[in-house]
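The values are calculated or read from the model by the stated rules, or taken from the named source; none is laboratory data. For clarity, every value in this text was computed on a predicted model and none was experimentally measured. Every residue, glycine among them, receives a Cβ derived from its backbone with ideal geometry; neighbour counts consider all protein chains shown. Side chains included, ligands, DNA and RNA excluded: accessible areas come from the protein's heavy atoms. Shrake-Rupley method; radii C 1.70, N 1.55, O 1.52, S 1.80 Å.
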Amino acid sequence: MACQQLRYHSFSSASRLQPQPSGVTIDESFLIENKSTQKRKLLQKRRTLTGQFSMGGHLSPWPTYTSGQTILQNRKPCSDDYRKRVGSCQQHPCRTAKPRYLEELENYLRKELLLLDLGTDSTQELRLQPYREIFEFFIEDFKTYKPLLSSIKNAYEGMLAHQREKIRALEPLKAKLVTVNEDCNERILAMRAEEKHEISLLKKEKMNLLKLIDKKNEEKISLQSEVAKLRKNLAEEYLHYLSERDARKILIADLNELRYQREDMSLAQSPGIWGEDPVKLTLALKMTRQDLTRTQMELNTMKANFGDVVPRRDFEMQEKTNKDLQEQLDTLRASYEEVRKEHEILMQLHMSTLKERDQFFSELQEIQRTSTPRPDWTKCEDVVAGGPERWQMLAEGKNSDQLVDVLLEEIGSGLLREKEFFPGLGYEEAIPAFLRFEGLVENKRPSKKDVVDLLKDAWKERLAEEQKETFPDFFFNFLERRFGPSDAMAWAYTIFENIKIFHSNEVMSQFYAVLMGKRSENVYVTQKETVAQLLKEMTNADSQNEGLLTMEQFNTVLKSTFPLKTEEQIQELMEAGGWHPSSSNADLLNYRSLFMEDEEGQSEPFVQKLWEQYMDEKDEYLQQLKQELGTELYEEVTLPKLRGALMTIDPSLDKQTVNTYVSQAFQLPESELPEDGDEKEEGVVEILQTALERLQVIDIRRVGPREPEPAN
């Protein structure tokens, strides 16, 4: 009986339409509104069908006896299969007809799906709307099961809403993946360029070393050939002297023999001289022969002992030559050992480089395999306000990281314009004083130009008065004076949100850094004074007061105003001012245009280059200070050590400037700083990294050259 009651089609009350889900978009709501007329017609038909029964007024047995049939085929109404089934039903009518209410619902569903199929931009969420409406009709008609069906519908709707929120939460991960991909690509390109540069240097050094080794080998071969030649000459000279010695001995023997013969002949020819005493002559001859024999023995002994001895002059000459050759040989050996050691070191470096190259190559392949493709920035042309022309103007000359910042600024500015109120941050100690408020704060929605003009007025008033209060307090008091106490907090939140988003705007970014304590206001003041002083120097150089300078005058003014800048930095400033290598010194430059600003406070490239060089010089100065201290970032540094390091890298610093730097680094008033040489100095310590971060905030720069210039 309960089943029959369920099959009894009651149309006693018209079903009311439920409100649209929160996930339906504006285009979907527009389509749904166009279908409201059909819904009203369907409701009127449902009212007219109240109390009717299928099968001639009896309780409808359908679909009990037609279980093999399907209530709604999952096919398009226009498909061929659907036409065949309809034709077959027309030729062979079913034994049990469907209830008219079911047919009306099926016809309505087919029409809705057909309308959605004809649209090209229909989403899956939109295709669920006809089924949702049919289900609402069932909920309203079946009063008994309405709570159960409503809970089922609400459960599915809740799950769909949860899935939509989850999809929205996962959207920011795409941007993060793109950023990680860009960082990885930049690191890979940097490592690849560095590797190519190092490999080219090692190859050049290897070729030079190979040439040096070949040259040394050639010198060694030539020296060896020279030594062999000298040895050959020495052997020839030795044989020559040996033959001379033998010839001399033979000559001496011949001379002695001739002398003896001459003496015998003279004695034989003069018998009267010795005839008186032959015994005496015989005795004298005997003694003379004994002396001759003794002398001959001594001569033979000396010849035997000193026969191989060369003359001292030749010996000294040969000794000197041998010494020179030995020194040359020792030098060549030392050079060869040095070259051999360097070659071994280079081989080790080469092997380590090959290992690193293989490792980097494998990492590159892994990154290429896992990384996502580079973004197509042209897709942003149709999204950014202003179309392709404005996007090309914003993206000109920027890398991927800067393009992400530009895109974030555009997105942030769009979201900022849509906000009507800002939530108050509360009264906690960490909240800046000018933002301490609870509740909702109105968004004043100023334009970018209005914010820049307001910040410029704040700087003018700040520079005109004495700086007795902190910059955040001055900022809030300035807003109270400008807009009144009632709107000051709203303008404070509005200005803060704007300068926090637009990092590329000079005025906003500098004001935000000073307001949050990341940079001292003296940095801004000093930079403005430097620009004003440079403009004054150029005006003085312009004798005709025409606003024009030659490139030579421009170069002279830059060198006189910035004596510590290098030639490369002066060249960069001249190029930023409009000078080109092809330009001549007689070309004229409109120097006043270099100091102009647009309506949003953006300076010309010349002033921007001055700011970039100032920040680079500050970083280089602090890096030299760190190297002079020779301490790790996480280690402590004492006050006298920091003071000594400052005087070493910049001897031209005066005592007042050194005390200012030291006071900032150790966060001590200058009046409480210990005197130089005081024992209390050693007790003042600070972490090096903390001290360097504090010095980064203030206006710290080089006063003079590192080494004092010698007096002429």
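Points to keep in mind about this one:
- Inter-site label distance for E226 and L281 at 7 Å from Cα along Cβ, in nm: 6.8
- Annotation for T550 and A175: the two label points, set 7 Å from Cα along the Cα-Cβ direction, are 5.4 nm apart.
- Cα→Cβ-extended label distance, 7 Å offset, between L234 and A433, nm: 9.6
- Considering only W491, L558, G547, the residue lying farthest towards the positive end of the dipole of segment 466-567 is W491, judged by Cα position with unit charges set on Cβ.
- Using the Cβ-Cβ distance between K500 and D457 with R0 set to 25 Å, the FRET efficiency works out to roughly 0.80.
- Only one residue of N185, A247, Y145 has its Cα farthest out toward the positive end of the dipole of segment 130-266, where Lys and Arg carry +1 and Asp and Glu -1 on Cβ, and that residue is Y145.
- Nearest-20 debye value, segment 444-534 charge dipole, Cβ charges on Lys, Arg, Asp, Glu: 320
- Gained length - T301 relative to L535, 0.36 nm times residue gap less alpha-carbon distance: 73.8 nm
- Amide H contacts of S652 (H built 1.01 Å from N, under 5 Å, at least 5 apart or other chain): G704
- Given +1 at the Cβ of Lys and Arg, -1 at the Cβ of Asp and Glu and no other charges, the dipole of segment 630-697 around its Cα centre is 220 debye to the nearest 20.
- 5 angstrom amide H check on E604, placed H, neighbours 5+ away: M596
- Anisotropy class of segment 419-517 from Cα gyration tensor, a/c 1.5 cut: rounded
- For segment 468-478, backbone phi angles converted through the Karplus equation (6.51, -1.76, 1.60; θ = phi - 60°) give residue-by-residue couplings of 8, 10, 5, 5, x, 5, 4, 4, 5, 5, 4 Hz, Gly and Pro being listed as x.
- What a 1.4 Å probe finds exposed on segment 630-697 is 47% carbon and sulfur by accessible area, rounded to a whole percent.
- Pairs beyond 28 Å (Cα-Cα), from K232/K303; K500/K655; K468/K528: K500/K655
- Those residues of segment 220-262 whose amide nitrogen sits under 11 Å from the label point placed on L332, 7 Å along Cα→Cβ: 220-228
- Nonlocal Lys pairs with alpha-carbon distance under 15 Å, segment 553-634 (8 or more apart, or different chains): 4
- Counting protein heavy atoms only, segment 419-517 has 51 percent of its accessible area on carbon and sulfur, 1.4 angstrom probe.
- Shown in residue order for segment 350-355 are the 3J(HN,Hα) couplings computed by the Karplus curve 6.51 cos²θ - 1.76 cosθ + 1.60 at θ = phi - 60°: 5, 5, 5, 5, 4, 4 Hz (x for Gly and Pro).
- Rounded to whole Hz, the Karplus (6.51, -1.76, 1.60) HN-Hα couplings of segment 282-296, x for glycine and proline: 5, 5, 5, 5, 5, 5, 5, 5, 5, 4, 5, 5, 5, 5, 5
- Burial ranking of peptide ranges 653-666, 234-247, 485-498 (average Cβ count within 10 Å, highest at the top): 485-498, 653-666, 234-247
- Whether segment 630-697 is rounded, prolate or oblate, judged on the alpha carbon gyration tensor where a/c under 1.5 counts as rounded: rounded
- Amide H contacts under 5 Å for D699, placed H, 5+ residues apart: V523
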